[in-house]
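Taking it in order: structure first as structure tokens, then the write-up.
Throughout, read-outs are computed from the coordinates displayed, never taken from laboratory work. Treat the numbers as computed from the prediction; the structure is a model and nothing was measured. For neighbour counting, all protein chains shown are included, and Cβ atoms are generated from backbone atoms with ideal geometry for every residue, glycine included.
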Amino acid sequence: MSRHPARRALMAAALVCAGLGLVSCSTDPDTAVQSSDSADTPTCKLLRPVSVEFDLGQPAVSQMSEEGCTAHSHEFGTLTVTPRDRPLEAAATGQGKRSTMRFGDHDAVMLMGSLNGVCKIFLDTGEKNSLEMRLGRTTAMTPQVCDSLKKAAAKVASELPAPAGAGS
């Protein structure tokens, strides 16, 4: 039995961890499972169905915020989800073309940046809170990135409870 597939799998895991800058990654399969279990934050639990649907790999705690979670694939890009303790309009700030939209019961604001392959969508989660979703991909123009992020936002919104007063 050849050990080459095992070596390739370990190398791939190491490259993914290095590429994401993850401190808690390990190429030892036993500790890798423990690391992903310890990173099972509420945001990572929310991101997991999206990660499965879009083949993004195992979500991990974001380097930008301990409350956030990131998942990545070469095809889809790097998707980061971060809860914000501000209402939608206060959280949805920044540069880019601003569009309002709705995903199920959730109002949303999309910021399409200039042609740099980055898009953000902010979802209203109620209780004066929101959720920021950021997708970056260097291999696509910003409108394509935003189209992909809209699909991910629809999936995340379907996993969220309706904000108070929605659907009335």
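For Ala162 and Ser65, a Förster radius of 25 Å and the Cβ-Cβ distance give a FRET efficiency of 0.50, rounded to the nearest 0.05. Of the trypsin sites (Lys or Arg not before Pro) found in the range 59-110, not one falls in a DSSP loop while having at most 16 other beta-carbon atoms within 10 Å. The distance from the alpha carbon centre of the range 75-101 to that of the range 106-168 is 6 Å, rounded to a whole number. Once both labels are positioned 7 Å from their Cα atoms along Cα-to-Cβ, the gap between Asp147 and Asp105 label points is 3.1 nm.
First measure r as the distance between the Cβ atoms of Lys128 and Ser73, then evaluate 1/(1 + (r/R0)^6) with R0 = 35 Å and state the FRET efficiency to the nearest 0.05.
The pair Lys128/Ser73 has a calculated efficiency of 0.60.
Note the full-extension length gain between Lys45 and Asn116 as 0.36 nm times their separation in residues minus their Cα-Cα distance, in nm to one decimal. Contour length minus Cα-Cα distance gives 22.7 nm.
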